[in-house]
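Single-structure report; data block below.
The values are calculated or read from the model by the stated rules, or taken from the named source; none is laboratory data. Everything numeric here is computed off the predicted structure, so don't read it as measured data. Don't worry about glycine lacking a Cβ; one is built from the backbone with ideal geometry, like all the others, and counts go over all protein chains shown. Keep in mind that these areas ignore ligands, DNA and RNA; they rest on the heavy atoms of the full protein, side chains included. Shrake-Rupley method; radii C 1.70, N 1.55, O 1.52, S 1.80 Å.
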Amino acid sequence: MRRDSSSPPPLWFLDLLDMAINTEVSLELSLKRSFDSEYYMNNATPPQPPPLTKPRCISPLSTVRHQTKGRDLINTTLPDECISHIFSFLPSTRDRFSCAAVSQKWLSLQASTRSSETNKACTDKEISRCLEGKAANDTRLAAVAVGASARGTLTDLRIRGTYASKGITDAGLCVIARACPTLKSLTLWDCPLVGAEGLKAVAQSCKTLEKLDLCGLSIVDDSGLITVAENCLNLTSISIRSCACVGDESLEALARRSFKLESVSLVKCPNITDSGVFSMALKLPKLEKLKLSFLKVKDGALKGIGKSPIRVLCLENLPGLTGNGFSSSLGSSEAVEVISVRSCSSLNDARLNDRNDGFVGLRHIMVKNCSTLSDKGLTGFIQSARHLQSLTLEDCSGVTSKGLMEALKKCRDSLKTLSIVKCNSLSEEGEAEEELLELSTLETLSLKKCPGVGDLFLSRIACACKFINNLALVGLSSVTDRGVSSILNAVNAKKKTLVSLDLSGCSRITDWTVVAASKLFGERLRSVSFDGCLGLTDRSLEAIRERCHGLEEVDLSWCVGVTDEGVLSLASAKHQTIKVLSLAGCTGITDRGLGFIEMMMCGSLVGLNVKKCSGLSREGIESFREILWWCDLIC
């Protein structure tokens with residue numbers, strides 16, 4: 001329990017003072033006796049004999065205790081330097097902790113002491129600490145400084161979500177910076193009381209800092225980040241989010257000094273413009289990752305990026321970008337391998353296909369929520385990226401089935417991953433009769449929540465799926481057994497490459513699809529998901545038991561046709577390999593089925609989800625938890 005600063009000092013501290021006082025008094029008496037002896041040797045008068053009884057000596061400590069009773073002269077009279085010096089003689093770490101627990105002042109003094117100034121040497125073990133919510137305050141931060149210096153070397157500190165009235169301040173950062181100069185990673189999220197002075201203290205003390213993540217620091221300005229750039233020359237990653245006072249001066253300072261920077265993220269900083277981004281992208285020789293989101297930058301920023309070594313580029317909510325600048329500036333880049341574009345409303349396709357020789361090194365394209373991108377722009381974009389390996393389209397309402405087919409023909413010899421999510425313009429109306437050309441390199445196909453995709457669309461794209469390993473058809477309410485079977489039958493029968501099958505939300509499929517998949521790929525399948533497939537029954541579980549001997553993950557959530565008999569079939573497999581099983585929402589499962597899992601799958605099961613299973617009782621769940629205590633049970 002922390003003592004109040006006005007309470008009397010502890011006895012051990014007074015004993016320490018008593019030792020110092022007695023030493024001084026003894027020295028004074030010794031000098032006095034030596035002086036008296038020499039004096040009487042030079043004079044005729046002999047010295048008086050000592051008294052027969054020794055006078056009582058009043059201890060200086062008794063006087064001190066009497067005079068300081070109820071008063072705190074140590075904290076009010078002694079300078080902080082003296083108290084810190086006394087603390088340096090504490091013999092053990094436990095004594096330091098006990099001392100720090102006396103009052104906030106002593107805690108602050110202990111925290112402000114560098115580990116090199118204490119008697120106990122720190123270990124080389126690197127440790128990390130995280131403070132969140134109410135725990136994120138200056139007092140707790142000082143305690144972290146004291147504790148970390150004794151247990152090892154604090155290299156990673158994360159502070160998230162402090163209170164506006166009692167949160168982390170510049171004073172707290174100054175304490176931790178002095179106590180832990182070896183800090184390598186610092187995260188400050190939503191710390192409204194932290195300003196430039198706190199960052200300056202960190203920069204001047206923690207010169208080995210490598211990663212800095214700032215979010216929601218409303219009063220931090222350019223001066224703090226300029227100091228970081230000038231002192232932390234090992235900085236490799238910096239993220240600045242929702243810092244309204246940070247502008248181009250900070251980026252220009254980083255461009256001048258932080259030559260080891262590899263990753264930069266800039267989000268919701270209204271004072272950052274093209275000038276700062278251009279300077280940073282052009283002058284940092286090792287910059288590989290750049291994220292720009294909710295900024296007022298325009299095409300001018302892309303000119304510097306096109307000439308930089310940036311490999312991964314993420315552009316989000318940048319209304320100032322246009323197709324002209326995108327193509328003319330980034331199209332000449334040979335370094336960019338990954339481009340992610342999201343919610344850039346002005347990025348039309350007017351000139352996206354002007355450069356047939358652009359995007360030479362581009363391997364991965366992700367376009368999300370760009371309604372202005374049409375078939376023409378997508379085709380031209382992919383045509384210029386001749387070595388494209390991954391394509392993701394999400395919420396691109398301007399792309400139709402015909403445009404997608406034409407675009408895929410441009411990358412048929414290199415594309416490995418295709419993901420289409422919530423593209424509402426994909427449909428089966430007006431499609432050409434010709435089939436899609438074979439994509440010999442495609443390994444992963446994912447179609448999610450596209451209401452216009454049905455059996456006909458799947459049959460047209462089936463010939464592109466001869467060598468896929470992962471198939472996900474999620475939320476396609478129009479797809480039936482016929483459409484899924486067209487893709488399953490198209491997969492190379494000799495190689496049988498499919499290892500993962502996800503048909504979640506395809507409510508119209510039945511046991512027939514599961515039986516067909518188990519016959520074709522039973523030995524190779526490792527993961528299957530039939531979440532929300534209302535047409536499945538116990539017959540599907542029997543097929544899985546008979547042929548799928550290598551399954552590790554099975555998701556049967558909300559398959560209301562599954563009962564205890566199906567669970568018995570699944571659990572009675574000879575070679576039990578299932579590690580994770582989900583039966584959430586299966587109302588036909590009772591304690592009897594849970595008992596089958598408990599007895600027959602205990603050797604491999606590590607995770608079970610039975611949430612919303614109304615047929616299970618509390619007693620059955622508790623019995624399962626008691627016996628299979630190592631299994632992660634969600635109920």
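If I filter segment 162-170 for residues that are open to solvent by 20 Å² or more (accessible area, probe 1.4 Å), outside any loop (DSSP other than H, G, I, E, B) and at pLDDT below 85, do I get at least one hit? No, there is no match, as no residue in segment 162-170 is open to solvent by 20 Å² or more (accessible area, probe 1.4 Å), outside any loop (DSSP other than H, G, I, E, B) and at pLDDT below 85. Among the residues of segment 582-605, those identified as open to solvent by 40 Å² or more (accessible area, probe 1.4 Å) and either touching a helix residue (DSSP H, G or I) at 6+ places or on another chain (Cβ under 8 Å) or modelled with pLDDT of 95 or more (or both) are THR590, ASP591, ARG592, MET599, MET600, CYS602.
In segment 365-379, of all residues being over 14 Å from SER345 (Cβ atoms) and open to solvent by 50 Å² or more (accessible area, probe 1.4 Å), the one that is modelled with the lowest pLDDT corresponds to LYS376.
Report whether or not LYS466 is charged (D, E, K, R), at negative phi and part of a loop (DSSP other than H, G, I, E, B). Break it down into steps so the answer makes sense when it comes.
On the way: charged (D, E, K, R): yes; at negative phi: yes; part of a loop (DSSP other than H, G, I, E, B): yes.
Yes.
Evaluated against (1) at pLDDT below 90; (2) surrounded by fewer than 17 Cβ atoms within 10 Å (Cβ to Cβ); (3) hydroxyl-bearing (Ser, Thr, Tyr), SER477 falls short on exactly one condition, (1). Evaluating LEU302 against the criteria (1) open to solvent by less than 10 Å² (accessible area, probe 1.4 Å); (2) over 17 Å from GLY331 (Cα atoms); (3) more than 27 Å from the chain's Cα centre (by Cα) leaves one unmet condition, (2). Just one residue in the set LEU488, LEU458 is assigned to a helix (DSSP H, G or I), more than 13 Å from ALA517 (Cβ to Cβ) and not basic (Lys, Arg); that residue is LEU458.
Does any residue of segment 105-122 turn out to be at pLDDT 70 or above and part of a loop (DSSP other than H, G, I, E, B)? No, segment 105-122 has no match at all. Here PRO192 meets the list (1) of a type outside the set (Lys, Arg); (2) open to solvent by less than 30 Å² (accessible area, probe 1.4 Å); (3) in a loop (DSSP other than H, G, I, E, B) almost entirely, failing just condition (2).
To keep it simple, each residue is scored yes or no on (1) modelled with pLDDT under 95; (2) crowded, with 19+ Cβ neighbours inside 10 Å; (3) among the aromatic types (Phe, Trp, Tyr).
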site	(1), (2), (3)
ASP511	no, yes, no
PHE530	no, yes, yes
ARG539	no, no, no
ARG545	yes, yes, no
GLY550	yes, no, no
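Identify, from the list LEU199, LEU225, the residue that is more than 21 Å from GLU132 (Cβ to Cβ) and open to solvent by less than 10 Å² (accessible area, probe 1.4 Å). Steps first, please.
Working: LEU199 fails: more than 21 Å from GLU132 (Cβ to Cβ).
Matching residue, one of LEU199, LEU225: LEU225.
Could you look through segment 275-298, keep only residues that are charged (D, E, K, R) and under 19 Å from ILE339 (Cβ atoms), and pick out the one that is most open to solvent (accessible area, probe 1.4 Å)? Looking at residues that are charged (D, E, K, R) and under 19 Å from ILE339 (Cβ atoms), I get LYS298. Entry remark, segment 205-240: residues being basic (Lys, Arg) and touching a Ser or Thr at 6+ places or on another chain (Cβ under 7 Å) number 1 in total.
Restricting the search to segment 178-197, which residues are among the hydrophobic types (A, V, I, L, M, F, W, C), at pLDDT 90 or above, in contact with a Lys or Arg (Cβ under 9 Å, 6 or more places away or on another chain) and within 14 Å of ALA148 (Cβ to Cβ)? Result: LEU186, single match.
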